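Working notes, structure below.
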Amino acid sequence: MRTKRLSSWLGWAALLAFLAAVPAAAAKIPSRPWSPAQTPSAADGTVLVPDNLNIDFSKHLITFLELGADKCIPCKAMQPIMKEIAAEYKGQVQVIFYDVWKNPEPGRKYGIQLIPTQVFIDKNGQEIFRHTGLFPKPDLVKFLKKQGVR
């Protein structure tokens, strides 16, 4: 009985220590690349993080939507890949990230069941491909090249 109580108290102590560390960890999360007051533009080769679903697809050959969450491990692994694609294919590929845990509306609109999910949309606003899970950069680049991205 005594061992059970001790392990229970240790579990609570570990939980409290974790919760105390969360604010410090949250302070290290980088700020968003743009504020909602700005009009999003992928012209500078950054990953956009919009608060709404009003995206202009017509200015880019491909729009790469990443639907995931900041705290999802495979989603975190996609972040450097998204940044590299945005920078390397600036002007051709628009990269947009939606955190569906913070704002579930994009997940509903695109019928997301698992994260991360990548949805690729052409200039006309038509979905041309989707992938679920970590999308390795070589495979992603191969797909983009097939779509005419140079």
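Some notes on this structure:
- When residues of the range 52-69 are limited to those that are exposed (fewer than 15 other Cβ atoms within 10 Å of the Cβ) and within 15 Å of the chain's Cα centre (by Cα), the one modelled with the lowest pLDDT: Asn52
- Selection from the range 113-129 of residues that are aliphatic (A, V, I, L, M) and either under 14 Å from Asn54 (Cα atoms) or modelled with pLDDT under 95 (or both): Ile121
- Test result for Glu105, acidic (Asp, Glu), under 18 Å from Val141 (Cβ atoms) and either under 16 Å from the mean Cα position of the chain (by Cα) or modelled with pLDDT of 50 or more (or both): no
- Annotation for the range 48-70: no member residue is in a helix (DSSP H, G or I), over 21 Å from Gly148 (Cβ atoms) and in contact with a Ser or Thr (Cβ under 9 Å, 6 or more places away or on another chain).
- Among the numbered conditions (1) assigned to a helix (DSSP H, G or I); (2) within 18 Å of Leu134 (Cα to Cα); (3) free of Cβ contacts under 8 Å to residues at least 40 places away in the same chain, the only one that Arg108 does not meet is (2).
- Taking (1) at pLDDT 95 or above; (2) surrounded by fewer than 16 Cβ atoms within 10 Å (Cβ to Cβ) in turn, Arg32 satisfies each apart from (1).
- Exactly one residue out of Ile81, Ile96, Ile128, Ile115 is touching a Cys at 6+ places or on another chain (Cβ under 8 Å) and either part of a strand (DSSP E or B) or surrounded by 13 or more Cβ atoms within 10 Å (Cβ to Cβ) (or both), and it is Ile115.
The values are calculated or read from the model by the stated rules, or taken from the named source; none is laboratory data. These numbers were taken from a predicted model, which means no experiment stands behind them. With ideal geometry, Cβ positions are generated from the backbone for all residues, glycine too; neighbour counts draw on all protein chains shown.
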